[in-house]
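Report on one structure; see the data block that follows.
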Amino acid sequence: MTETTVAVITALILAWAVVSGLLLRVNVTGALVFTAAGYLLANPSWGVLTIDVDTPSIHLLAEVTLALLLFSDAARVDVLRLRKDVAVPARLLGIGLPLTLLLGAVVAAWCFEDLSLALVCFIAATLAPTDAALSAQVINDEQVPMRLRRALNVESGLNDGIVTPVVAFTLAVAATELEVHGAGHAGQGEALRELAVGLGVGLAVGLTSGLLIALGSRRHWIITGGRRVASLAAALSSFALAMSVDGNGFIAAFVGGIAFGAQVKKEAAEVEVAVELPELLGEILALVVWFLFGAVLVPVVIEDSGLATVAYALLSLTVLRMVPVSLALIGTGFDRRTVLFVGWFGPRGLASVVFALLAVEELGETSLVAPAIAAVCLTVLLSVVLHGVSAGPLGRRYVRLEKADQMGVPGAPDERPMARGAGRTGTERR
């Protein structure tokens, strides 16, 4: 990116921050604003700003953004609070997510007959993780039952880390099949080694940094704000150290966040305060990534999308999400309205964008890869618009109908929330 591009993006972030509340009142999210801005200002055909997608710094920025958010998401999961109502998020992650992967791969193979099995599985894995930031109005609405908000938040906080090994492995297989020279992965065995190294690095950095921060807090060694800086360093070092020893940085950040959060909570420090800085930086960088998405990937969607791409994108946001969710929630006692509510609010966001950029970096933009990239990007683009616009109205409608049902049933319990959600609920991201 040029200095002018950086200046324009930072000015846009300032302007958006000033009016972000007003925009949300009319259901306009930060992701939508920056995607549109990137497409209008940096489109290769007419844009006044220049962005080169092949520049290593572009990919590094996107990867660091996802690593920061993976770390803060994982660290924020309050296991003690979650144990009181672990059934719903456990079902969404343990049953719904695998079914989404399987069903997504089957439908992708049907829609894109010319794609290899590895790319078909890549599409399914890339579009499996959800992004709560695109439906932040629902997550932050205290009138929506806490059980639902916590489930959606925990699901979106953990599923991108869970599918990362699948994405890495499918990219490695696809690179081997396409005989891509100089790809980031040498093969399937190398991908598995990277995952193992990332796991080890994440555990080591997360546990050590959490222990050191807790020790420094107890002994009053840390200055005001020091815990925030230390947690940011822990998030970045888990990612960077794993990459430096040829490990998977995303797995390291995700596992590091889990280990860090568990250690800090164990030592009675405030994890909410500790992860505030990496989360905030991740949210700011996420806006930049959305700008890049609009500038670099949306034009690919317009150029390479066909009827099969549109069909898959629509199915991914509806059937491929709602059917697994419905099956996962059997036996929970949720009515059909609630199941549909949970099923719809599974937007695709930042993780999918970063995985698509990784595919471009490792596999190139050949005709054999372009349909897969287009399917992912069109799904994300539709999700940014549809989930962002519908979050407020559908959330309010759900609350209104639930209240009306409770008023019509004598002795119906009041399901108002008891506490704040387990994950990110304060500010919008991804």
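Laboratory data are not the source of any read-out in this text; all were calculated from the coordinates shown. Worth saying up front: this structure is predicted, and the values here are computed from it rather than measured. Every residue, glycine as well, gets a Cβ built from its backbone with ideal geometry; the counts of neighbours run over all protein chains shown.
With neighbours defined as other Cβ atoms within 10 Å of a residue's Cβ, the residues LYS265, LYS403 order from fewest to most as LYS403, LYS265. Across the range 111-117, computed HN-Hα scalar couplings (Karplus, 6.51 cos²θ - 1.76 cosθ + 1.60, θ = phi - 60°) run 6, 10, 5, 8, 7, 6, 4 Hz from first to last residue, x flagging Gly and Pro. As a rough footprinting exposure proxy, the listed residues VAL77, VAL376 were ranked by other beta carbons within 10 Å of their own, and the order from fewest upward is VAL77, VAL376. One chain, two ends: VAL389 and SER57. Fully extended at 0.36 nm per residue, the span grows by 116.3 nm beyond their Cα-Cα distance.
Look at [x] 1.27; [y] 1.31; [z] 0.95: the one that is Cα Rg over 2.2 N^0.38 Å derived from this structure is [z]. Counting neighbouring Cβ atoms within 10 Å and putting the fewest first, the residues ASP114, ASP52 line up as ASP114, ASP52. The stretch between ASP114 and THR10 holds 33.3 nm of extra length on full extension. This uses 0.36 nm per residue minus the Cα-Cα distance.
Take the alpha carbon atoms of the range 270-384, find their radius of gyration, then divide it by 2.2 N^0.38 Å using N residues; give the quotient. Walk me through the numbers before you get to the answer.
On the way: Rg = 17.1 Å, N = 115, 2.2 N^0.38 = 13.4 Å.
In units of the 2.2 N^0.38 Å rule of thumb, it is 1.28.
3J(HN,Hα) couplings calculated from phi for the range 205-214 with the Karplus curve 6.51 cos²θ - 1.76 cosθ + 1.60 (θ = phi - 60°) are, in sequence order, 5, x, 5, 5, 5, x, 5, 5, 5, 5 Hz; Gly and Pro show x. Were the residues from ILE284 through LEU102 laid out at 0.36 nm apart, the gain over their Cα-Cα distance would be 62.2 nm.
Are there GluC sites (Glu not before Pro) in the range 38-145 that DSSP puts in a loop and that have at most 14 other Cβ atoms within 10 Å, and which ones?
Details: sites: GLU63, GLU113, GLU142; in loops: GLU113, GLU142.
Loop-located and lightly packed - GLU113, GLU142.
Would you please name the GluC sites (Glu not before Pro) within the range 269-330 that are DSSP coil residues with at most 15 other C-beta atoms within 10 Å of their C-beta?
Details: sites: GLU270, GLU272, GLU276, GLU279, GLU283, GLU303; in loops: GLU270.
In loop regions of the range 269-330 (DSSP not H, G, I, E or B), the sparsely surrounded GluC sites (Glu not before Pro) are GLU270.
In order along the range 37-51, the phi-based Karplus estimate (6.51 cos²θ - 1.76 cosθ + 1.60, θ = phi - 60°) of 3J(HN,Hα) comes to 5, x, 5, 6, 9, 10, 4, x, 7, 9, x, 8, 10, 10, 9 Hz; Gly and Pro are listed as x. Within the chain, the longest run free of chymotrypsin sites (Phe, Trp or Tyr not before Pro) that sit in a DSSP loop with at most 11 other Cβ atoms within 10 Å is 222-430.
Using a Förster radius of 25 Å, what is the FRET efficiency between LEU22 and ALA404 based on their Cβ-Cβ separation? Nearest 0.05, please. Kindly include the intermediate steps, with their values, before the conclusion.
Numbers: r = 30 Å, r/R0 = 1.19.
According to the calculation, E is roughly 0.25.
Estimated from helices alone, the mean residue ellipticity of the chain at 222 nm is -23500 deg cm²/dmol (sum of -39500 (n - 2.57) over DSSP H runs with n ≥ 4, per residue).
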